[in-house]
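The values are calculated or read from the model by the stated rules, or taken from the named source; none is laboratory data. Please read all numbers here as calculations on a predicted model, not as lab measurements. Reconstructed Cβ throughout: ideal geometry from the backbone, glycine too, with neighbour counts over all protein chains shown. Heavy atoms of the whole protein, side chains included, go into the accessibility calculation; ligands, DNA and RNA do not. Shrake-Rupley method; radii C 1.70, N 1.55, O 1.52, S 1.80 Å.
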Amino acid sequence: MDWWGRLFGERREDALPLYNAVVTRGRAEHWYLDGAVPDTVDGRFDMIAAVLAMVLIRLEAEPAAAALSAHLTERFVDDMDGQLRQMGIGDIVVGKHIGKMMSMLGGRIGAYRDGIAAGDLGPALVRNLYRGTAPDAAAVAHVAAALTALHAGLAGMPLDRLTAGEIA
């Protein structure tokens, strides 16, 4: 955290329980078994990004959650940075990879927001989660239903419970 944030009492670590809950939810077996999400580095990134997108969409609805949303996104960036370094990607190109990942996350938030509004996450999932290659319809339906249920559960979740890492 920068000195400005510390001066004004921002505590970036407040987002850690929520970020851990997002990652735990994104790694749940049912996504990979019933939802046919590829159990690869890219597939895990895509699934965690999908769950994170649902949480960030929820936080958008509450102005008081702006700092939590920012800190949650920073946690995601830090985690992805660490993962890239563990995979052996050097300092020179890590920034480019992180920039691309953030762009992907932003695009997914928009696509999933639009899919929720339209009542059909399927096309956004095929494009973003399955990277254009759809598995069978039942797998897409499973992921769409689970993410829609997550979105609905998050809508009624008080901010203090989200901050504590409780996600529906």
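With the other protein chains left in place, how much accessible area per residue, in square angstrom, belongs to the stretch 27-76 at a 1.4 angstrom probe? Spell out each step's value before the answer.
Numbers: 2050 Å² over 50 residues.
Normalised by residue count, the accessible surface of the stretch 27-76 is 41 Å².
Summarise the accessible area of the stretch 106-168 (1.4 Å probe, protein heavy atoms) by the percent that is carbon and sulfur. Before the final figure, lay out each step's value.
Values: 1730 of 2910 Å².
After summing per-atom areas, the C and S share lands at 59 percent.
Rounded to the nearest 10 Å², what accessible area does Glu62 have for a 1.4 Å probe in the complete protein model?
50
The stretch 124-168: which trypsin sites (Lys or Arg not before Pro) are DSSP loop and have at most 16 other beta-carbon atoms within 10 angstrom?
On the way: sites: Arg127, Arg131, Arg161; in loops: Arg131.
The qualifying sites are Arg131.
Note down the net charge around Ala168, summing +1 for each Lys or Arg and -1 for each Asp or Glu among other residues with Cβ under 11 Å from its Cβ. Numbers along the way, then the final one.
On the way: positive: Arg25, Arg58, Arg161; negative: Glu166.
Summing Lys and Arg as +1 and Asp and Glu as -1 gives +2.
Order 47-53, 70-76 from most to least packed using the mean count of other Cβ atoms within 10 Å. All intermediate terms of the calculation are to be shown ahead of the outcome.
Values: 47-53: 24.0, 70-76: 19.3.
The densest-packed peptide leads the list: 47-53, 70-76.
Please work out how much accessible surface Met102 shows to a 1.4 Å probe, ignoring ligands, DNA and RNA, in Å² rounded to 10.
Only protein atoms counted, so the area is about 60 Å².
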